[in-house]
Amino acid sequence: NIPFSCLSHMNFLNERYVDYLKKAGCKLVNIGVETGGESFRREILRRDYSNNDIYKISETLHKYGILFYTLNMLFLPGETLKMSLKTLKVNIKCKPFATEVLIFQPFPGTDLASYASSRGFYDGSFESIPVSLFTDSVLANPQKKIMMRVFHLFQFTVRFRYFYPLVRILIYLPFDRLYKMIHQHYKNEMRKRYFFDLKKI
């Protein structure tokens, strides 16, 4: 009867194991959506599950009353605006308790850094990588400015999913200072939900 949370890989979750988690006292599961781009997720990230698999697991967790927290990355090598919006839409459809979104950074020695460098998205300079996973992307991307607005509005839109059609318009408008303020507020809000609201459950 000790409540706990855990991190799980999508491939290890099914209704049988969710039932076990519920009986064991699990209150929250962290799951990696990573990206809404299925082919990129499978071929480059080597995460062998589909968006339908994510939806099915989400529905099962909802069914058993276990909250879940989604983990996502934007600005992956070669990512497009369409792919970023797909990641957002996948999260909206899942209806998570809270969500986290990070900016991919090509850390030296990782396969993704080598992939980014070999395809000309990144010059290989370790010194250029930001310390924070929330400030900027060092990868070349022609849609970077608009995708950064998606990043800043991501958590707000997942929380208030009915704003999605409006957000599709806002990302083309230069209210970047406002978007950054919204991002900071909802980043803190999501962490509050994860670390504090969970204690009340």
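Condition check ((1) at pLDDT 80 or above; (2) outside any helix (DSSP H, G or I); (3) under 16 Å from S84 (Cα atoms); (4) polar (S, T, N, Q)) across all residues:
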site: T157; (1), (2), (3), (4): yes, no, yes, yes
site: P165; (1), (2), (3), (4): yes, no, yes, no
site: R168; (1), (2), (3), (4): yes, no, yes, no
site: Y172; (1), (2), (3), (4): yes, yes, yes, no
site: R177; (1), (2), (3), (4): yes, no, no, no
site: K180; (1), (2), (3), (4): yes, no, no, no
site: Q184; (1), (2), (3), (4): yes, no, no, yes
site: E189; (1), (2), (3), (4): yes, no, no, no
site: K199; (1), (2), (3), (4): no, no, no, no
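Is there a residue being farther than 24 Å from T99 by Cα and either in contact with a strand residue (DSSP E or B) (Cβ under 6 Å, 6 or more places away or on another chain) or not in a loop (DSSP other than H, G, I, E, B) (or both) anywhere in the range 135-151?
No, that holds for no residue.
If a residue must be in contact with a strand residue (DSSP E or B) (Cβ under 9 Å, 6 or more places away or on another chain) and open to solvent by 50 Å² or more (accessible area, probe 1.4 Å), how many such residues does the range 162-191 contain?
Count: 1.
Consider N72 against the criteria (1) more than 23 Å from D111 (Cβ to Cβ); (2) in contact with a Phe, Trp or Tyr (Cβ under 8 Å, 6 or more places away or on another chain); (3) touching a residue at least 60 places away in the same chain (Cβ under 8 Å): it satisfies all of them except one. Which criterion is unmet?
So N72 meets the others, but not (1).
Only one of F134, F107, F151, F126 is modelled with pLDDT under 95 and within 15 Å of the chain's Cα centre (by Cα). Can you tell me which? Spell out the reasoning first.
Values: F107 fails: within 15 Å of the chain's Cα centre (by Cα); F151 fails: modelled with pLDDT under 95; F126 fails: within 15 Å of the chain's Cα centre (by Cα).
Only one candidate passes the filter, namely F134.
I'd like the full set of residues that are under 15 Å from the mean Cα position of the chain (by Cα) and not basic (K, R), limited to the range 158-187.
V158, H183, Y186
The values are calculated or read from the model by the stated rules, or taken from the named source; none is laboratory data. Given the structure is predicted, the values throughout are model-derived calculations rather than measurements. Cβ: placed from backbone, ideal geometry, glycine included. Neighbour counts: every protein chain shown. Only protein heavy atoms, including side chains, enter the accessible area calculation; ligands, DNA and RNA are left aside. Shrake-Rupley method; radii C 1.70, N 1.55, O 1.52, S 1.80 Å.
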